[in-house]
Every structure is written in structure tokens, then in C-alpha cells.
1. Quick one: count up the residues across the range 133-175 that are in contact (Cβ under 8 Å) with a residue 40 or more places away in the chain and charged (D, E, K, R).
2. Restricting attention to the range 157-185, which residues are closer than 22 Å to MET1 by Cα, touching a helix residue (DSSP H, G or I) at 6+ places or on another chain (Cβ under 9 Å) and among the hydrophobic types (A, V, I, L, M, F, W, C)?
3. Yes or no: ILE82 at pLDDT 95 or above, more than 15 Å from the chain's Cα centre (by Cα) and β-branched (Val, Ile, Thr)?
4. Filter the range 125-151 down to the residues that are surrounded by fewer than 16 Cβ atoms within 10 Å (Cβ to Cβ), closer than 30 Å to GLY29 by Cβ and among the small types (Gly, Ala, Ser) and list them by number.
5. Given (1) touching a Phe, Trp or Tyr at 6+ places or on another chain (Cβ under 7 Å); (2) buried (at least 19 other Cβ atoms within 10 Å of the Cβ), where does HIS112 come up short, assuming only one miss?
6. State which residue is farthest from the chain's Cα centre (by Cα) when the search covers only the range 218-242 and only residues that are crowded, with 24+ Cβ neighbours inside 10 Å and among the small types (Gly, Ala, Ser).
7. If the requirement is being in contact with a Ser or Thr (Cβ under 8 Å, 6 or more places away or on another chain) and surrounded by 23 or more Cβ atoms within 10 Å (Cβ to Cβ), which of these qualifies: ALA62, ALA47?
8. Go over the candidates ARG24, ARG42, ARG14 one by one and state the one that is modelled with pLDDT of 95 or more and either more than 30 Å from VAL241 (Cβ to Cβ) or surrounded by fewer than 24 Cβ atoms within 10 Å (Cβ to Cβ) (or both).
Amino acid sequence: MKFRTASLSEQGGRDVNQDHCGYRILDKGGCWVVADGLGGHRGGEVASQLAVNTILDRFEAAMGFEAEDLFSYVQAAQEALIAKQAEEPRLTSMRTTLVVMVSDFSTARWAHMGDTRLYLLQGGSAQYRTKDHSVPQAMVDAGDIVEDDMRGHEDRNRLLRALGKEGDLRPAILEKPYTLHQGDAFLLATDGFWEYVWEPEMEISYCKSANPDEWLMRMERRITQRAESDFDNYSALGVFVD
């Protein structure tokens, strides 16, 4: 299989963009990462960029596609954040959510922490998404609210897991690799992105798009039409499997 990838990262209505995303496609595999930073003193901006760059560098240096490889990449990012906090005390509260996907061109596997999501579209239909580590997701799991209520929920920013807190590294990792099929598509997106784009709209935009750049562009239009003036940063990677 081959991949076509598009990226998007905008500050929205905020003064600083604390999101970061990136990817690398090498001869034997690829790695895609999206992160949403948290923390004062521009700490979120530092955290997300450091996490993404560390994971991509580690993947390139020691490419692997097993669950333990993914854990090692996330662990490397965690260690980089902890080291940066020790070096600059003003950044001690910096955190970041994260989603990372790796592929050997025949299978894919992913991991995440927080509410940055991965969606899988099969045949133009959204068949899967990662489950958030957040209070609203816990309320959905408990049956207190329905999934549609998560968007715009008053506790939507209350996270149960994030990268950057020492001794609290609990990424959710896909245990069994997913076998790729022609026509699959992946969307890796921060909450500032998926909060304004519903799953059926992801599908409609995909079916109307000839490439991942167009797919992201169509979805971005929905964000800018719906969002209020102070809306969050929004970032995404769109990946087509050919």
C-alpha cells in the first residue's frame, strides 16, 4: 500500500497555536503524530512540538511496528518532556495529548493519550475512533450522557490522561495491528478539529475529495463556519491509503 498525507494546523481564535503535527514516510514504513499542548507560559506549544518531534526522530532511528515499539516512542516523548520541565521550571505544568500511528505499508497500529483522536474510514464510512481519556467519555461509558453530548460539554477539557506528568504514562495502544485495505482513510485530529466536524460530515467530505488536502479543506470550512470568535486551535492529518 501507498499513502497520501495532508496536514493542517491553525491557531483558530487563540493568540498561540499549542497544537503540533507531523509525519515521516520512509522506505519501510511511516509514522504520523498529532498533539494538543496544555499549560501556561507557552508550555503547551513547547510540549506538543517536543512530543511530536521526539516520536518522529525515535521512529526514524529505531523503526518498529509492534505495541512495545509504540510504547517506547511515547515513553521517549514523556522523558523528553520531563527533562525539559527540569531544565525550565516555568514549564513544569506543561502537558500534551497525543495520537500516533505507525505502518509498515500492510498494517497499521496506533496509540493515544487524552482526547486527540484517530478515525478510520472504510469505504467512505467512519467505522472506528479512539476512545478519549476524558470526563465526558467516562460519562458516556457510564451511560450518563450519549456520545453526541460530548461535543460542547462543559467538562470537555477535563482530561484523565496526558503526556508530561511524571509516573503517569498510560497510553492506550491497539493490541492487534489493523490490516490496511485500498480506499481506507485515517483522520488524526485534535479536539479543536473534531468538536466542529461530525462523523457523517467527515464521510461526506471524504467522498467528495480527490485527495487528502481537499478532504481537510472541506472539513476546515465547517470549522470556520461554526466556531465562535475565541475557538480553539485545530489540527489534523488526513491519510489516504492507495
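The values are calculated or read from the model by the stated rules, or taken from the named source; none is laboratory data. None of the values given here were measured: they were computed from a predicted structure. Every residue, glycine as well, gets a Cβ built from its backbone with ideal geometry; the counts of neighbours run over all protein chains shown.
1. 7
2. LEU174, ALA185
3. Working: at pLDDT 95 or above: yes; more than 15 Å from the chain's Cα centre (by Cα): yes; β-branched (Val, Ile, Thr): yes.
Spelling it out, ILE82 is indeed at pLDDT 95 or above, more than 15 Å from the chain's Cα centre (by Cα) and β-branched (Val, Ile, Thr).
4. SER125
5. Evaluating HIS112 over (1) touching a Phe, Trp or Tyr at 6+ places or on another chain (Cβ under 7 Å); (2) buried (at least 19 other Cβ atoms within 10 Å of the Cβ) leaves (1) as the failure.
6. Looking at the filtered set, the residue picked out is GLY238.
7. Details: ALA62 fails: surrounded by 23 or more Cβ atoms within 10 Å (Cβ to Cβ).
Within the list ALA62, ALA47, the selection yields ALA47.
8. On the way: ARG42 fails: modelled with pLDDT of 95 or more; ARG14 fails: modelled with pLDDT of 95 or more.
The match here is ARG24.
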